[in-house]
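Visitor: This structure is in structure tokens; I'll ask about it shortly.
The values are calculated or read from the model by the stated rules, or taken from the named source; none is laboratory data. Predicted model, so just to flag it, every value in this text is computed and none were measured. Cβ coordinates were reconstructed from backbone atoms using ideal geometry, including for glycine residues, and neighbour counts include every protein chain displayed. Each accessible area value is taken on the protein alone, full model and side chains, heavy atoms only, with ligands, DNA and RNA left out. Shrake-Rupley method; radii C 1.70, N 1.55, O 1.52, S 1.80 Å.
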Amino acid sequence: MFKPIVQAVSQELGTFVNYVDADQNPDLVKKHNISSVPTIVITDDKGNQVFRNSGVMTADQLKNAFSNSK
């Protein structure tokens with residue numbers, strides 16, 4: 001499961017994470033061109049996409065994604 005990894009990493013880094021149910025939010029899915037789940041999209045303060053990955057990531061990969069997206 002990917003959600004526990006995301007929760008642990010976000011807590012460790014103090015990063016805000018918003019979980020979105022793709023079935024309940026089709027407009028957001030369309031906006032970000034999400035075609036598979038899980039997909040992580042990291043945005044900057046203005047909402048611009050700075051990182052994207054479809055599929056499960058390890059904790060270390062996720063930490064690097066957050067660190068490189070600042």
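Visitor: Hey, any idea what % of the chain's accessible area is carbon plus sulfur with a 1.4 Å probe?
Guide: Here it works out to 47 percent.
Visitor: Next up: When the helix-only estimate is applied to the chain (DSSP H runs of n ≥ 4, each -39,500 (n - 2.57), divided by the residue count), what is the mean residue ellipticity at 222 nm, nearest 500 deg cm²/dmol?
Guide: -11000 deg cm²/dmol
Visitor: Could you tell me the number of lysine pairs in the chain with C-alpha atoms less than 23 Å from each other, where the two lysines are 8 or more residues apart or belong to different chains?
Guide: Taking the Cα cut-off of 23 Å, the pair count is 9.
Visitor: Roll a 1.4 Å probe over the protein chains and send me the accessible area per residue for region 1-41 in Å².
Guide: I get 78 Å² per residue for this part.
Visitor: Roll a 1.4 Å probe over the protein heavy atoms and report the accessible area of residue 67 in Å², nearest 10.
Guide: 70
Visitor: Can you sort 27, 45, 21, 60 by solvent-accessible area, 1.4 Å probe, largest first?
Guide: 45, 27, 60, 21
Visitor: If I compute Rg/Rh (Cα atoms, Kirkwood Rh) from the structure I just sent, which labelled value in (i) 0.93; (ii) 1.02; (iii) 0.91 lines up?
Guide: Step by step, Rg/Rh (Cα atoms, Kirkwood Rh) for this structure corresponds to label (i).
Visitor: Right, something else. Count neighbours as other Cβ atoms within 10 Å of each site's Cβ, and list the trypsin sites (Lys or Arg not before Pro) in region 2-47 that are DSSP loop with at most 15 such neighbours.
Guide: Qualifying residues, ordered by number: 46.
Visitor: Continuing with the same structure: Using only Cα atoms, tell me the angle between helix 3-13 and the longest principal axis of the chain; keep it within 0 to 90° and round to the nearest 10.
Guide: 50
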